[in-house]
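For reference, the structure discussed in these notes is given below.
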Amino acid sequence: SSGGNTLLFSTYLGGSGASVAYPETGQGIALDQQGDAYVVGVTSSTNFPVLNALQPELNGFTDAFVAKLNSAGALLFSTYMGGSGVEVGNAIAVDACGAAYVAGYTYSTDFPVTAGAVQTAIGGDCDAFLFKLSPQGDLLLYATYLGGSGADTASGVAVDPSGNVFLSGWTLSSNFPVVHS
């Protein structure tokens with residue numbers, strides 16, 4: 001509850017495939033205007049609970065996952081997201097319409113990107129990624145790599161009321177894409 005003295009709901013979320021080498025963990029959470037919770041993280045489980053999934057199966061060693069639960073704790077959607085390598089979802093933000101913006105990193109050369117992506121191919125060992133899911137979680141509205149020839153990750157994401165998206169993270173790339181004004 002808002003006072004912190006009453007548990008409104010609590011749940012497990014995951015499959016049985018997690019290990020020390022390939023953990024299953026929630027990395028970020030966001031709430032929409034209706035009080036629905038969006039959770040992002042990483043899973044190596046082939047039996048992670050999916051519902052109305054954009055990507056219904058594990059595609060690599062680990063994939064990012066995104067799940068949406070209503071204010072009573074019922075699963076509304078849950079999906080894997082990734083290519084044939086390793087993905088980790090680190091952060092999530094939700095806009096006023098309920099679209100989810102997910103940030104993390106990928107080692108996959110076949111991470112699903114969309115037309116209009118800032119960067120359509122991986123630039124180095126691992127790159128940051130950003131993708132946007134529809135409010136129902138069934139449509140990939142936008143996805144891009146972001147990185148240079150070294151290792152790069154996105155660890156935070158925010159969206160303002162105008163729909164502008166902001167990423168934070170770190171880079172080991174001397175040629176990370178920057179824009180000079």
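The values are calculated or read from the model by the stated rules, or taken from the named source; none is laboratory data. Predicted, not measured: the structure shown is a model, and the values here were computed from it. Every residue, glycine as well, gets a Cβ built from its backbone with ideal geometry; the counts of neighbours run over all protein chains shown. The protein model used for the area step is the full one, side chains on, heavy atoms only, and it has no ligands, DNA or RNA in it. Shrake-Rupley method; radii C 1.70, N 1.55, O 1.52, S 1.80 Å.
Listed values, structure above:
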read-out	value
Filter result for Ser181 (in a loop (DSSP other than H, G, I, E, B), more than 20 Å from Tyr22 (Cβ to Cβ) and of a type in the set (Ser, Thr, Tyr))	yes
Residues that are loosely packed, with under 14 Cβ neighbours inside 10 Å and over 21 Å from the mean Cα position of the chain (by Cα), drawn from region 166-176	Ser174, Asn175
Subset of region 40-65 (residues that are open to solvent by less than 50 Å² (accessible area, probe 1.4 Å) and either more than 17 Å from Asp138 (Cβ to Cβ) or of a type in the set (Phe, Trp, Tyr) (or both))	Gly41, Val42, Thr43, Ser44, Ser45, Phe48, Leu58, Gly60, Thr62, Phe65
Residues being surrounded by fewer than 14 Cβ atoms within 10 Å (Cβ to Cβ) and touching a residue at least 12 places away in the same chain (Cβ under 8 Å) - total across region 2-20	6
Filtered residue count, region 1-30, keeping only those that are modelled with pLDDT under 95 and within 20 Å of Asp138 (Cα to Cα)	2
Counted residues, region 66-97 - those being part of a loop (DSSP other than H, G, I, E, B) and either within 23 Å of Ala151 (Cβ to Cβ) or open to solvent by less than 10 Å² (accessible area, probe 1.4 Å) (or both)	4
Region 23-41, subset under 15 Å from the mean Cα position of the chain (by Cα) and free of Cβ contacts under 8 Å to residues at least 60 places away in the same chain, residue farthest from Leu8 (Cα to Cα)	Glu24
Residue match in region 135-148 (condition: farther than 26 Å from Leu58 by Cα, open to solvent by less than 20 Å² (accessible area, probe 1.4 Å) and in contact with a Phe, Trp or Tyr (Cβ under 9 Å, 6 or more places away or on another chain))	yes
Residue in region 150-158 that is over 27 Å from Val50 (Cα atoms), in contact (Cβ under 8 Å) with a residue 12 or more places away in the chain and surrounded by 19 or more Cβ atoms within 10 Å (Cβ to Cβ) present	yes
Out of Gln34, Gln27, sole residue that is within 26 Å of Phe166 (Cα to Cα) and in a loop (DSSP other than H, G, I, E, B)	Gln34
Single residue of region 25-47 satisfying the filter (of a type in the set (A, V, I, L, M, F, W, C) and in contact with a Leu (Cβ under 7 Å, 6 or more places away or on another chain)) that is farthest from Asp95 (Cα to Cα)	Val39
Close pairs (8 angstrom Cβ cut-off, 6 or more residues apart or separate chains): at negative phi and outside any strand (DSSP E or B) in region 113-141, open to solvent by 50 Å² or more (accessible area, probe 1.4 Å) and polar (S, T, N, Q) anywhere	Val113/Thr120; Ala121/Thr109; Ile122/Thr109; Gly123/Ser149; Gly123/Asn175; Gly124/Ser149; Gln136/Asn52; Asp138/Asn52
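Yes/no matrix, rows are residues, columns are (1) at pLDDT 95 or above; (2) surrounded by fewer than 24 Cβ atoms within 10 Å (Cβ to Cβ); (3) under 19 Å from Leu75 (Cα atoms):
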| position | (1), (2), (3) |
| --- | --- |
| Ala99 | yes, yes, yes |
| Thr106 | yes, no, no |
| Asp110 | yes, yes, no |
| Thr114 | yes, yes, no |
| Ala117 | yes, yes, no |
| Ala121 | yes, yes, no |
| Cys126 | yes, yes, no |
